[in-house]
Amino acid sequence: MLDVERIRRDFPILCRQVHGKPLVFLDSAASSQKPLQVLAAMEETYRQCYANVHRGVYTLSEEATCSYEEARDKVASFINARAREEIIFTRNTTESINLVAYTWGRTHIGPGDRILLTEMEHHSNIVPWQLLAQEKGAELVYLPITDEGFLDLDRLDDLLDERVKLVAFTMMSNVLGTIIPVKEIVEKAHQVGAIALVDGAQAVPHMPVDVQDLGCDFLAFSGHKMCGPTGIGVLYGREELLEEMPPFLGGGDMIRRVELDHSTWNDLPWKFEAGTPAIVEGIGLGAAVDYLTEIGMEAIAAHEQEVVAYAMERLSALPGLKIVGPPAEHRGGVIAFTFRNIHPHDLAHLLDLEGIAVRAGHHCAQPLHRRLGLVATTRASFYLYNTSEEADRLAEALEKVARIVGK
Amino acid sequence: MASSPYRERVLDHYHHPRHRRRLKAPDLIGEKDNPVCGDRVRIELRVDDEGRVLEAAFSGDGCIISMATASMLVEHVYGRSVSELRRLTQEDVLRMLGIDLGPARLHCALLPLEALHSALEASRE
Ligand SMILES: Cc1ncc(COP(=O)(O)O)c(C=O)c1O
């Protein structure tokens, strides 16, 4: 059991009022709030030991390098990577996926090859592959979803053959909330010789993730969704793959030796980190990992599960409210819904006037919404600092909205 | 919700839209949509020889703000001249609505104006 009252004290923003009402923040799936511990680690760096990292021979630079690289160790052990070399710092999930598309993709995908995605992907796990497929004459294939919002795994065997070189899929849908059986898909991908990239943007912040257990080849996630700052993300890649991949961006830091007409590359992970990195953000992410680890990812997942089950029960009791996606036991802390015929933008706006922050729109998953026959949904998402009382506030506010908008 | 944009007059236009239909033989048609939220507004006008609006109607789908604004706007254009309507600005529309809208919802209120301008643009040809 989480001590949520104590946790909430770590997030000063949660004490805010919005439109004269206490803030109920239900948009952590888009970006989470940050605890004091993360803010303090970042401020401390700027105040005490900020300098550019790597190659500095003076104390400040050594200290900054040490904290930044320590953050990499923390991330590596957080997802149980075999080695720190397997952790590449990027800006976010999107950049991590693009890195794979531009490097591994460009050297391994050719005409007629297939990339298997799913119907529930975020645009950031669709568009990079479209660009690659257009460039290489490859083909995108989509694993469909069922009407209940699960992946239609019965179709997997049909779609997986030797033409498929890459299977890229989310570990948890940011709209349906569905938690995906990653291991099973990875095993099947490997059986046909494809590699597996997992979009961990929604999973890594919310549940234990062990890359060795999952067996995936790549895992992408964002710091800002897991209590860390913006501007820092992670690409985990299996060392053998990263070793033979060409670099992504060229510039300082990623080279060993630069001649006039060619260069040789730095070792992993720096081969993929050109230019001055997001130093303080990296350190902030390290602090976020410490924070989540101390509370415990199992406990966080269990807490979210409990709040979501309660929220789904409350919300589905409202006349005219329809939740998309599977039952609570199969989902993470995300509930997307439609309510009567109220446009999601009106709904989110009206809820904001009650102090409740939810997101409305297609949540960067237009193909999924099209599949669901919807243009947009309203999404409430929960994290370690949310409570069942906040789910009550949401349900009560929705009742009030129904009275105001009437009809 | 004293400060709410969803005050009675707006909701009234939403629930009881004025002139929400299609014209039989419109002279001018303008249509705009916003793929992000799925809002879609079509404005149709019938104008006389002097360029005065004889009849106007709107159709489409969308949120309360965009539909209510479309309804108010269509009501406003009746009897006015095309040249006058071409000068209609964002500020005029917001004044018509009479509510405070943050930047996130502004585009909802402006979609009908864009559709109107697009219809009037067609009359130049
Ligand atoms: C499933 C999923 N993938 C990818 C992303 C993209 O994350 P970012 O915007 O941090 O790159 C998100 C976040 O919205 C997401 O929910």
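The values are calculated or read from the model by the stated rules, or taken from the named source; none is laboratory data. What you see is a predicted model, and the numbers here were worked out from it, not measured in a lab. Every residue, glycine as well, gets a Cβ built from its backbone with ideal geometry; the counts of neighbours run over all protein chains shown.
Observations, loosely collected:
Table: residues versus (1) under 25 Å from A:Arg371 (Cα atoms); (2) among the small types (Gly, Ala, Ser); (3) in contact with a Phe, Trp or Tyr (Cβ under 7 Å, 6 or more places away or on another chain); (4) free of Cβ contacts under 8 Å to residues at least 24 places away in the same chain.
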site: A:Ile109; (1), (2), (3), (4): no, no, no, no
site: A:Leu116; (1), (2), (3), (4): yes, no, no, no
site: A:Asp157; (1), (2), (3), (4): yes, no, no, no
site: A:Ile180; (1), (2), (3), (4): yes, no, yes, no
site: A:Glu187; (1), (2), (3), (4): no, no, no, no
site: A:Gln191; (1), (2), (3), (4): no, no, no, no
site: A:Phe218; (1), (2), (3), (4): no, no, yes, no
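- Under the condition of being more than 14 Å from chain A (Cβ to nearest Cβ) and aromatic (Phe, Trp, Tyr), the residues counted in region B:11-41 number 0.
- Positions within region B:41-88 being free of Cβ contacts under 8 Å to residues at least 24 places away in the same chain and of a type in the set (D, E, K, R), in sequence order: B:Arg46, B:Asp48, B:Asp49, B:Asp61, B:Glu84, B:Arg87
- Residue match in region A:27-45 (condition: hydrophobic (A, V, I, L, M, F, W, C), within 16 Å of the ligand (Cβ to nearest atom), under 28 Å from the mean Cα position of the chain (by Cα) and at pLDDT 95 or above): yes
- A count restricted to region B:43-64 and to residues that are surrounded by fewer than 21 Cβ atoms within 10 Å (Cβ to Cβ) and under 14 Å from the mean Cα position of the chain (by Cα) stands at 5.
- Any hit, region A:186-198, residues being within 13 Å of the ligand (Cβ to nearest atom) and buried (at least 18 other Cβ atoms within 10 Å of the Cβ): yes
- For region A:339-391, a residue qualifies if it is of a type in the set (S, T, N, Q), within 11 Å of another protein chain (Cβ to nearest Cβ) and assigned to a loop (DSSP other than H, G, I, E, B), and exactly one does: A:Asn341.
- Within region A:160-180, considering residues that are closer than 22 Å to A:Gln191 by Cβ, of a type in the set (Val, Ile, Thr) and within 11 Å of the ligand (Cβ to nearest atom), the one surrounded by the fewest Cβ atoms within 10 Å (Cβ to Cβ): A:Ile180
- Some residue of region A:48-65 being free of Cβ contacts under 8 Å to residues at least 40 places away in the same chain and crowded, with 18+ Cβ neighbours inside 10 Å: yes
- Taking region B:101-112 as the range and being of a type in the set (A, V, I, L, M) and within 11 Å of chain A (Cβ to nearest Cβ) as the test, the residues that pass are B:Leu101, B:Ala104.
- Odd one out for B:Glu44 among (1) more than 14 Å from chain A (Cβ to nearest Cβ); (2) of a type in the set (D, E, K, R); (3) in a helix (DSSP H, G or I): (3)
- Test for B:Gly98: is it at positive phi and within 14 Å of chain A (Cβ to nearest Cβ): no
- Residue within region B:74-85 that is of a type in the set (Ser, Thr, Tyr) and under 24 Å from A:Gly361 (Cα atoms) present: no
- The set of residues from region A:360-391 being surrounded by fewer than 21 Cβ atoms within 10 Å (Cβ to Cβ) and within 15 Å of the ligand (Cβ to nearest atom) comprises A:Gly361, A:Cys364, A:Gln366, A:Pro367, A:His369.
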